[in-house]
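Before any comments, here is the structure.
Please treat every number below as a calculation from the coordinates, not as lab data. Owing to the predicted nature of the structure, the values given are computational and were not obtained by experimental measurement. FYI the Cβ positions are ideal-geometry reconstructions off the backbone, even for glycines, and counts take in every protein chain you see.
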4 protein chains.
Amino acid sequence: MKAFISEIFKDCSALSSKGQVADYIPALKNSSIDNLGITIIDTSGEIISYGHHDKKFTIQSISKVVSLLLALEDNGTEKFFSRIGKEASGDPFNSIIKLETSTESKPLNPLINSGAITVTDMIHGNTVEEKFERLIEYFKLITGNEELKINEEVFLSEKETGNRNKAIAFFLKELGVIDSDPLKLLDIYFKQCSIEVTTKDLAKIALLLGNRGLDPISGKQIVNKKYCSICNAYMTICGMYDGSGEFAINIGIPGKSGVGGGILAPVPERYGIGVYGPSLNKKGNSIAGIKLLELLSEEFDFSMY
Amino acid sequence: MKAFISEIFKDCSALSSKGQVADYIPALKNSSIDNLGITIIDTSGEIISYGHHDKKFTIQSISKVVSLLLALEDNGTEKFFSRIGKEASGDPFNSIIKLETSTESKPLNPLINSGAITVTDMIHGNTVEEKFERLIEYFKLITGNEELKINEEVFLSEKETGNRNKAIAFFLKELGVIDSDPLKLLDIYFKQCSIEVTTKDLAKIALLLGNRGLDPISGKQIVNKKYCSICNAYMTICGMYDGSGEFAINIGIPGKSGVGGGILAPVPERYGIGVYGPSLNKKGNSIAGIKLLELLSEEFDFSMY
Amino acid sequence: MKAFISEIFKDCSALSSKGQVADYIPALKNSSIDNLGITIIDTSGEIISYGHHDKKFTIQSISKVVSLLLALEDNGTEKFFSRIGKEASGDPFNSIIKLETSTESKPLNPLINSGAITVTDMIHGNTVEEKFERLIEYFKLITGNEELKINEEVFLSEKETGNRNKAIAFFLKELGVIDSDPLKLLDIYFKQCSIEVTTKDLAKIALLLGNRGLDPISGKQIVNKKYCSICNAYMTICGMYDGSGEFAINIGIPGKSGVGGGILAPVPERYGIGVYGPSLNKKGNSIAGIKLLELLSEEFDFSMY
Amino acid sequence: MKAFISEIFKDCSALSSKGQVADYIPALKNSSIDNLGITIIDTSGEIISYGHHDKKFTIQSISKVVSLLLALEDNGTEKFFSRIGKEASGDPFNSIIKLETSTESKPLNPLINSGAITVTDMIHGNTVEEKFERLIEYFKLITGNEELKINEEVFLSEKETGNRNKAIAFFLKELGVIDSDPLKLLDIYFKQCSIEVTTKDLAKIALLLGNRGLDPISGKQIVNKKYCSICNAYMTICGMYDGSGEFAINIGIPGKSGVGGGILAPVPERYGIGVYGPSLNKKGNSIAGIKLLELLSEEFDFSMY
């Protein structure tokens, strides 16, 4: 597999020039557009890494799958689904439209921004600080990386400029969907998006998800099996923004991307994959990362379908 | 498995009273609301059937997966995807909105009505009659059922009253998406929806799809592997109308439903399932059929996620 | 006034090069892009004409105000408003969206296509031919022009290519908004749009509307006063497609435009104005005609506000 | 006229029981549902008042016409229209949808909330306090009422609960439509909505608007003529939320309502009218007030059309 990656890597990387680095906050703009890295872990614990695999980047929207798991652990499925829908939206990730037009005033799924903010609101904790403390501890648990921390510059930048998310949060408050003070809640949300990871951290989470919560190396059940299933189904339906259907058809596995350039992708019962490539296509997904996964899926028959 | 089905069957069937039989055409209104039937075929060719498994009903929207396969065979992926999108719509199956608002004037996927009508337009044939002839022959091929034919009463009823589909077809013509005369094209489309099947026919198609086109019994590759993959991915993303996400989360396999009460569901590499239950929930899916599949999935771990 | 018109005419006419002639049917494409004509009739019967005032062109959407008056005469206000709304749509004239999303399934107003087609359905007559016969007789009555007839080439062209309107008509049928067969109804609708007029014909209708149905020259009440009021209010709210607000702010009188290049504009209690200029702006209104009316309104204080 | 009002007053007032007092903030909920008051001033300065004409109520959305006039005075038309559109939206007053879907990212008009917040942002002043100071002085100028002040309880209540408006303001900030800090800007906006008036204050503003800025009593030009015209046109197109078309058809004059129960309505060159009736219909307009204006319009031929 490593040989195959080394063979296709350059062509994939070259695609980066056709995309764009996220520029809505200064800190992201400074990413090197041609970076590309990948880590693949198999169920025996073997790790293949290539390219910029040890570059740190902010996790951004991929954090939504982690907060989703913790919110499920904290609330159980019944309570969770009373506040969060189960369907793709067909609209961009930061759209407010469906909140306004839908008859049910709850976010359509936990991976669009309105849903993810609601999910963060559902994490247990008496204060905002406590909620975040529990969330980052959970991050450390499922990555096995005790060093995880947020990138302060990115956090402050998002806090200052994230007006669209502020609009969404106040809209959710108006609809009675969230309980917390909108701006305080966004503090946690912006923090969780600002956690710095490498492709290895993402691969570790992906491996767990693909093994339904069982760490194949230690043999421990780290996450509830059912919650992993739910998370994988959500990623399939709406993990790649409005490129989710394309991802399912072309690659055939669950996936979740972030505007920081990361992609987390479990190959059920086989691999956990983490990719980093900050140059994004029009749908907000890593342009080189997607290509890399497509070629790997074709060669090693990743598709579940 | 049969014992388990017999155990849960009555409770599932009882749910039918909470749904409604499709009533937009007289012929469908006459279905018996409390009917429920299922056929499961495994890769060794063993068949389990229960309840109203030999009742004939019209295939309706489930025909979309068959025309999709034939259109892929006829056109190849490049041409196919130039006319059909890869994403869920987030709107009802018969919605016109996204056609009007989307920047790309092509249907979002082949399983909403606008996409399915376009798919039927792509089937090769010099005349409408020829297109349909090829389509029904293909139906016979993949079900192995030479007796398949349309229900004339349902066909004529849809032809007379299908004004929403006529609106969609003229809209597609206006956008330049379809080539054929809209009303003539709908003749084929209404015919394909009026083909009468039993749960066994659906189970046969599902088995093929779950085995990526290879008939496990004869050992013959009946359908192109890649096209089966594409079809399974589409069913996962948008096969159950706006209940697709819920189906993925709760049952975890691809599925396609029709307002006639049918559900086709492959359990990849294991089973092909066909269900019939004409009482529909609000999203247009068989209410008892969905429950039956949920309980089976839980018991026999169908979920791919 | 004539001196003023002659002074500004050339500058207005020059604007035509910045617009485009409607090209959705071949017959319209042949209009001379730089044509501009105007007729103004005052309440004493004095007529000022300038430019291409005797050029014949098809009335297109301006026919909607005439069918509206006849449908009101035929049905009275109560029945009329039970089938037609009173509000601007905020969407393009040929949009289907609000029909799909609105809770009330009736067209928002009689000047968008869905409303106008419904209005034509409301004209009395046992057959399609009879409805159209009554409508064209009514056109002759209010223009005082016995020579009016349709342009067969334009009619046949619209009949052949008007797929968007066919989509709308089938959608209306599906919603139960119209009674007639959609394609037969569109025959009348396309015919009424194909009636050939000159600016003088439009000015005559505008004079009647601005005088609330009383012909100031003959002293006869030709149209019901209340129905003229309703018509003027509708033109103000939504007569100029999604340029209606701009027309109200910049010119300040009711107006109705057609893609043939015509504008009908009453200056209440003072003038009836008809304009012809086939070069259209992006909103579908005569680009030179609008400018001409703006300058006239400024100079002679047309604004009602 | 007074005799006629006294005759119809009871019947109009009785309609109040069919509507509802605004309840989104506690302070408004305490209004007496059956209150109804009217003041009519003619151009000679004669005043007719009836019912609860001296009851104080918060001006709410009617303040939008005053801030609109001041923003026009402060910025001129060119700058004003570069930031504010000229069209009705066809959506509810507090909708965000068109901001998200429109290609031009500016509010469609100054009378929907997004537009009104932007208008307030355009009022000159170095600080928020200065902007509001200038605005309330302008209110005093055009009402001739030096006593005007805000209702602190209503202001604080809106400030605390106005999450929808906060969502809109952050969305506007994100789009680059407003310059100010969203929450600080809303402080002024909520204050302007909380100004307490009587029907006489509204009638005074209406008289000025109907006389194009010239106070008929003092003979002084208080407001720029052109700006009054623009304001009257806007009120006609979109002053009564999504009941604007109905108001134009049934009453035929410009009008602006507020959820506090007020209606401001100029009868051009004849009267200025202020109405108060806190029981609202589904569109957010005073149910008894609308009826009162309809009957007056019919009897005294108010309609401009």
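Exceedance of the 21 Å cut-off in Cα-Cα distance is limited, within the set C:LYS149/C:LYS184; D:LYS18/D:LYS291; B:LYS282/D:LYS283; C:LYS140/C:LYS200, to B:LYS282/D:LYS283. Once both labels are modelled 7 Å past Cα along the beta-carbon direction, what's the A:GLU129-C:HIS124 spacing in nm? If labels sit at A:GLU129 and C:HIS124, their model points lie 8.1 nm apart.
Taking 16 Å as the straight-line reach from the Cα of C:LYS55, the aspartates and glutamates in range (excluding those fewer than 8 positions away in the same chain) are C:ASP34, C:GLU147, C:GLU196, C:ASP201. For the rotational copies D and C, the chain D residue with its Cβ nearest the relating axis, together with that separation in Å, is D:GLY90, 1.
Modelled label positions at D:SER17 and B:LYS140, each set 7 Å beyond Cα in the direction of Cβ, lie 7.3 nm from each other. Between copies, the label points of B:ILE222, set 7 Å from Cα on the Cα→Cβ line, lie 4.3, 7.2, 8.3 nm apart, reported in increasing order to one decimal in nanometres.
Over chain D, dividing the summed -39,500 (n - 2.57) contributions of all DSSP H runs of at least 4 residues by the number of residues returns a 222 nm mean residue ellipticity of -15000 deg cm²/dmol.
If a spin label sat at a point 7 angstrom from the Cα of B:GLU73 along the line to its beta carbon, the backbone N atoms of segment B:179-214 nearer than 14 Å would be those of B:205, B:208-209, B:213-214. Note on segment A:110-168: with charges restricted to the Cβ of Lys and Arg (+1) and Asp and Glu (-1), its dipole about the Cα centre is near 280 debye.
By its C-alpha gyration tensor, with a ≥ b ≥ c as the square roots of the eigenvalues, how is segment B:23-138 shaped: rounded for a/c under 1.5, else prolate for a/b larger than b/c, else oblate?
Numbers: a/c = 1.88, a/b = 1.46, b/c = 1.29.
Because a/c hits 1.5 or more and a/b exceeds b/c, segment B:23-138 counts as prolate.
Go ahead and run the numbers for FRET between B:ASP179 and B:LEU148, Cβ-Cβ distance against an R0 of 25 Å, rounding to 0.05. Kindly include the intermediate steps, with their values, before the conclusion.
Working: r = 27 Å, r/R0 = 1.08.
In this case the efficiency is close to 0.40.
For chain C, relative contact order (Cα pairs under 8 Å, six or more residues apart, normalised by length) works out to 27 percent. Its Cα centre serving as origin, chain D has a Cβ charge dipole (Lys and Arg +1, Asp and Glu -1) of approximately 180 debye. Zone of B:LYS220 (label point 7 Å along Cα→Cβ, backbone N under 18 Å): which residues in segment B:106-134? Within reach of a label on B:LYS220: B:134.
For segment B:251-301, which GluC sites (Glu not before Pro) are both in a DSSP coil and crowded by at most 15 other Cβ atoms within 10 Å?
Here the sparse-neighbourhood loop sites are B:GLU269.
Restricting the GluC sites (Glu not before Pro) of segment D:39-143 to loop positions (DSSP other than H, G, I, E, B) with no more than 14 neighbouring Cβ atoms within 10 Å leaves D:GLU46, D:GLU104. Structural descriptor for segment B:144-249: relative contact order 20 percent, calculated from alpha carbon pairs under 8 angstrom and at least 6 residues apart. What the phi angles of segment B:16-29 give under the Karplus curve with 6.51, -1.76 and 1.60, with θ = phi - 60°, is a coupling list of 3, 5, 8, x, 9, 6, 4, 10, 6, 10, x, 4, 6, 4 Hz, glycine and proline written as x.
Taken over segment D:180-305, the percentage of Cα pairs per 5 Å bin, counting from 0 up to the bin with the maximum distance, is 2, 11, 19, 23, 20, 14, 7, 3, 1, 0.
Computed from phi, the 3J(HN,Hα) profile of segment D:54-62 under the Karplus parametrisation 6.51, -1.76, 1.60 (θ = phi - 60°) reads 10, 6, 8, 9, 7, 6, 6, 5, 5 Hz, with x in place of Gly and Pro.
Please state the shape class of segment B:120-167: rounded when a/c is under 1.5, otherwise prolate if a/b exceeds b/c and oblate if not, all from the C-alpha gyration tensor. If you can, show how the numbers build up before the last one.
Working: a/c = 2.52, a/b = 1.38, b/c = 1.83.
Note, shape of segment B:120-167 comes out oblate.
Checking every one of the trypsin sites (Lys or Arg not before Pro) in segment A:125-191 against DSSP loop status and a limit of 16 other Cβ atoms within 10 Å picks out A:LYS149. Between B:ILE25, B:ILE188, B:ILE290, the Gaussian network model of chain B with springs among Cα atoms under 10 angstrom shows the greatest mean-square fluctuation at B:ILE25. Across segment D:269-280, rounded Karplus estimates of 3J(HN,Hα) from the backbone phi angles (6.51 cos²θ - 1.76 cosθ + 1.60, θ = phi - 60°) give 6, 10, 9, x, 10, x, 10, 9, x, x, 7, 9 Hz, Gly and Pro being marked x. Between copies, A:ASP34 shows label-point distances of 5.5, 7.3, 8.2 nm, shortest first, with the point placed 7 angstrom from Cα along Cα to C-beta.
The relative contact order of segment A:61-193, computed from alpha carbon pairs under 8 Å that lie at least 6 residues apart in sequence, is 29 percent. Counting from the shortest, the label point at C:GLU298, 7 Å from Cα toward Cβ, is 4.2, 6.2, 7.4 nm from the same position in each remaining copy.
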